[in-house]
Structures are given as structure tokens and as C-alpha cells.
Amino acid sequence: MKSRLFFANVLLISTLDIIHADTFIDTVEGYVRSGVQTTDIKHDDTYTDIALGGKLHIDTQSFYTISAGVSLYTTNALGKQEGNGIPFFDTANHSYTILGEAYLKGKWENATLTIGRQEIDTPFADTDDIGMIPNTFEAAMLVSQITEAATITLGHLHKMAGVDAPNPSEFTRINDDEGVQLLGVSYEGISNLTLSAWDYRLNRYETDNIAYFEANYENTYNDLTYSFNLQYALQNAQMPGTDNADIYGIDASVGFEDAGLAFGVAYNKSEGNAADNGFGGGPFFTSSEHLTLAEANGEGEAFFYTATWDAKSVGLENLSFLIGKFILEDNSGIQSDEIDFAASYSFSDALSIEAYISHIDDKINAAKCKNTRVFLNYTF
């Protein structure tokens, strides 16, 4: 039934394209995504997921500065839905369709207020689109450009659904009825430098508050590009006898445009307690496809080394490759590591393919596996 609903939605697209120019509909867009995932777990078995899904998004025209938007997301199993990798389906490994976005948006000069279900991307609450359906949030978000170089963000997150949610197919409350309140400020008034500061009021027993600071510098010299980034997070613990977590990060990269090559190294360290990724993939520089600093389950440090190659340097447009090596050590000296390979190719502006292969040896959490994901995306 859900598969039939998905294909019915796809058939609606051409009709909507015809009528939206003469009605209140302003935008019709989205994507069709097919995904294949295998997870080979050592001393266990190989698990496979095959899915077809996508997103259909509709925005209305603005009336008296107010517009509305909705997005329907769907993921449908095609014969294999065995799980044990990145979630493609719901908690029972069933196909599902969800109204992931349904919002009202108001725009006034330099301010935008969005209320309802929506995609959000901030350091500790983000879409983390690594499977079939990304995270979306039931929230109120106000973004205001207070000066030409400074932007302020205010928000209240009430519920979430999607790949990182406890139940991907249903919007469930964040921190019971407390939700999360956030405040963010970014500043770009200094050449080549971006500064940002965020504060998240979590209102939960384990972690009451997260303060986050990040600085990003990027520049070029002839055909050389280089960047240098710093981050710091303070995660306050409310539980008696529990230490706060101080998390430090540094990241540097250099790229050679003529050769299409870029190299990067990142480092994170958590002192006092475990790092928390928040509600999504987390902001830490060393995060790999699967493992992050949080997997240390306490104090720990992580390195992430990357090399990328853009094949346009040899005349192959829209083709790129990445290899990454992640190393994590907990406070008792146990080490986990992950090796990632990624490749992407765009056949056209609308059609692209992505592939990810991860070899994971998580000795800290006694898990070893190989995960492979391939996605074919068609955007419209």
C-alpha cells in the first residue's frame, strides 16, 4: 500500500507542475532516491536493505508576507529490509511515509519565522541525511540578519522524526514536554573568517545545557586553498556527582586546485565526560560515516585523516573520491577505528550516484562490521 502511495505521489508531480503557475502554488520540487545497504557483521551475518523513496515538497506563494510549505517523505522496501545498519526504515524495519514538513513561514525585511515541521541544520540539531529519510523537527525558528555581517537564530524544538529519531516514522517529543531552546549568533565581518556561537537549553537530567563555539578560516594562494578551524563545546551535567564535558577540536586542510587533490586532518578531545552529538550527526570535526567522538562513552580523543580527489583535473567532470581514516581512543586506552571510502558522480544536474564503504572496528563497543551504501538520486 505504501509503495503504491509513493508512485502515486510521483505521478502527481507533472500535474502540479502544470497547475502551480496559475494558482497559489509557488514551488514544486523534491527527489526520488533508491538506496541499497549491506552490513556484514563479524561472527554474525550479512544484512541487506533495498529501498525506493523520496521527497515531494510544495511551497505556496506569499500572502501578506505569509507562506506555507509541506513535504512528504517516503521509504519503501524492495524485497530486503533486514536492518542492522543506518536506518532505512522504521524501528520494525517496515516501510513508512511521513509528512515531514508542514509549516507556516513569515518574512519581514531581514527576519524569517518558520513554525511547524521543518528541516533544520544547526550544530547540535540537523537533518543528518545519511539514509533514506533525513531528520525533521517540529519547531519554531526565527532567523534574523541583524547587520550585514551578523545573523541571529532563536528556536524551540518540540519533536523530531527521521533517521536519528528514537522512532524514525513518528514525531516523538524531545525531552518529554521540555523540548530544546536554542540561540545562535554568526558573524562574517572579518575577511575569510566566520565566527559562530550557540547555546542549547536541553532541560534534561544527563545534560542540562550545551554551549558551542566555532571559528572557520579559509583562504587561497594561487592554486592552493587552505583552511583552519577551531571548535569548543561545554556540555553541562545536571546529575549530582557527574562532571561536565569539555570538548576541544581543531581541523586543518589544504587543497591543490590544478591536481584536484585535498588533504585534511582533524582532532577532537573530550575531558570530564562523554561527548554528546545532540539531535543529529553532531558537529565534531572528526566525525566519520559511522563512528564519532561520542562512541568513547566517556573521556576520549579522536583523529580523522582525509584525502579527496576531484577527477575534473584529468577531464572527468562531476566525479570525486574520498578516503578517510578515523581513530578513537577512550580513557582506558582501548582504540576503535574506521576506514571510509566514498565516491560520487553526477550524470546531469538532476541525476547522481553516491557510494560509501566503511570498515568499522569498534573495539570500545565490541563491534566489527563492513557497511556499504549506494544511493541513486533524481532531483526535480
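The values are calculated or read from the model by the stated rules, or taken from the named source; none is laboratory data. Every value quoted in this text rests on a predicted model; they were computed, and no experiment measured them. In this analysis, Cβ positions are derived from the backbone assuming ideal geometry, glycine residues included, and neighbour counts consider all displayed protein chains. Each accessible area value is taken on the protein alone, full model and side chains, heavy atoms only, with ligands, DNA and RNA left out. Shrake-Rupley method; radii C 1.70, N 1.55, O 1.52, S 1.80 Å.
Overview of values
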quantity: Every pair of residues 6+ apart whose Cβ atoms lie under 6 Å, when the first sits in segment 128-151 and is farther than 15 Å from GLY100 by Cβ and at pLDDT 95 or above while the second is surrounded by fewer than 17 Cβ atoms within 10 Å (Cβ to Cβ) and among the charged types (D, E, K, R); calculated: ALA149/GLU188
quantity: Pairs where the first residue, in segment 347-358, is closer than 20 Å to ASP40 by Cβ and the second is in a loop (DSSP other than H, G, I, E, B) and among the polar types (S, T, N, Q), C-beta under 8 Å, 6+ apart; calculated: SER358/SER288
quantity: Boolean, LEU56 is outside any loop (DSSP other than H, G, I, E, B), buried (at least 20 other Cβ atoms within 10 Å of the Cβ) and touching a strand residue (DSSP E or B) at 6+ places or on another chain (Cβ under 8 Å); calculated: yes
quantity: Segment 114-133 - residue that is among the β-branched types (Val, Ile, Thr) and assigned to a loop (DSSP other than H, G, I, E, B) and, of those, farthest from THR60 (Cα to Cα); calculated: ILE130
quantity: Hits in segment 44-73 - residues which are within 19 Å of the chain's Cα centre (by Cα) and under 17 Å from ILE130 (Cβ atoms); calculated: GLY53, GLY54, LYS55, TYR73
quantity: Failed condition for SER336, given (1) open to solvent by 40 Å² or more (accessible area, probe 1.4 Å); (2) free of Cβ contacts under 8 Å to residues at least 60 places away in the same chain; calculated: (1)
quantity: Single residue of segment 242-292 satisfying the filter (β-branched (Val, Ile, Thr) and open to solvent by less than 20 Å² (accessible area, probe 1.4 Å)) that is nearest to LEU224 (Cα to Cα); calculated: THR286
quantity: Count of segment 23-43 residues which are of a type in the set (D, E, K, R), open to solvent by 30 Å² or more (accessible area, probe 1.4 Å) and either free of Cβ contacts under 8 Å to residues at least 40 places away in the same chain or not in a loop (DSSP other than H, G, I, E, B) (or both); calculated: 3
quantity: Among the candidates ALA296, ALA350, residue that is surrounded by fewer than 16 Cβ atoms within 10 Å (Cβ to Cβ), within 22 Å of the chain's Cα centre (by Cα) and either modelled with pLDDT of 95 or more or basic (Lys, Arg) (or both); calculated: ALA350
quantity: Test: residue in segment 108-126 that is closer than 30 Å to THR194 by Cβ, open to solvent by 20 Å² or more (accessible area, probe 1.4 Å) and of a type in the set (Lys, Arg); calculated: yes
quantity: Any hit, segment 363-375, residues being in contact (Cβ under 8 Å) with a residue 60 or more places away in the chain, more than 21 Å from the chain's Cα centre (by Cα) and in a loop (DSSP other than H, G, I, E, B); calculated: yes
quantity: Segment 275-299 - residue that is part of a loop (DSSP other than H, G, I, E, B) and among the small types (Gly, Ala, Ser) and, of those, nearest to LYS325 (Cα to Cα); calculated: SER288
quantity: Subset of segment 339-354 [within 14 Å of THR308 (Cα to Cα) and among the aliphatic types (A, V, I, L, M)]; calculated: ILE339, ALA342, ALA343
quantity: Number of positions in segment 88-105 that are hydroxyl-bearing (Ser, Thr, Tyr), touching a Gly at 6+ places or on another chain (Cβ under 6 Å) and open to solvent by 40 Å² or more (accessible area, probe 1.4 Å); calculated: 0
